[in-house]
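All remarks here apply to the structure that follows.
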Amino acid sequence: MTRKTFDAFVDWLYLRSLPNLPKQKSPHAGDELSHTDDESFLNSHEITKVHIFADRYDIPDLRRDTIDMMFAYFKSEKKIPTAETITMAFGSLPDTSLLRKLLVHRYCESISNVTPEDELLWTHEILHVVLARYREIIQGSRYLLDLDLCDYHGHANEKEKKKCQKKREAQEQYD
Ligand SMILES: [Zn+2]
């Protein structure tokens, strides 16, 4: 675990919130590997690390919060996860993982995201999942271009999902 991951966890433990996302959009949107000196926020690689930590030590609330944060990060920063982040997630999270699902769905939002370098880096499992997602999109999945955060919450039923959506809408209005 890195210092940044640990700090984020401690903050979450005491404040019940994760570091805020940056308000300004990076001039290099899309280039997640571009280095930032701003230590106060987590990028998707770091959020994934915190999520892996939450998964390993079975902390469901932190697991959920990191998914919420990842979703918000993708929305505000217009970034996609790097091939390295996806590799790390697949190496450390179970195949039922909702974060893995979110990362792949986000990555697959554009076919132009796939590079030969990514393909070389990835295991058969990752390539299989990415390919399956593209197949879903081509076949007209409702998720295309409009991902729903609740699809990554693992809600037990539609009622719970609706409740969560209502709560989030209310919060967004408050923000
Ligand atoms: Zn939800």
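None of the figures in this text is laboratory data; all of them are computed from the coordinates on show. Every value quoted in this text rests on a predicted model; they were computed, and no experiment measured them. With ideal geometry, Cβ positions are generated from the backbone for all residues, glycine too; neighbour counts draw on all protein chains shown.
Annotations for the structure displayed:
- Dipole orientation for the range 64-141: of the candidates Met69, Ser112, Leu93, Met69 has the Cα lying most toward the positive pole (charges on Cβ; Lys, Arg +1; Asp, Glu -1).
- Per-peptide average of other Cβ atoms within 10 Å, ordering 109-116, 84-91 highest first: 84-91, 109-116
- In plain terms, the chain from Lys159 to Arg56 could stretch by 34.2 nm, reckoned as 0.36 nm per residue minus the Cα-Cα distance.
- Greater than 29 Å apart at Cα, pairs in Lys4/Lys163; Lys4/Lys161; Lys79/Lys161; Lys75/Lys161; Lys101/Lys167: Lys4/Lys163; Lys4/Lys161
- Contour minus Cα-Cα distance for Glu125 and Gln173 (0.36 nm per residue): 13.3 nm
- Order by protection proxy (mean Cβ within 10 Å, highest first), peptides 127-136, 9-18, 95-104: 95-104, 127-136, 9-18
- Check: the range 83-175 dipole with +1 on Lys, Arg Cβ and -1 on Asp, Glu Cβ, in debye: 540 debye
- Shape category assigned to the range 79-175 from the gyration tensor of Cα positions, a/c cut at 1.5: prolate
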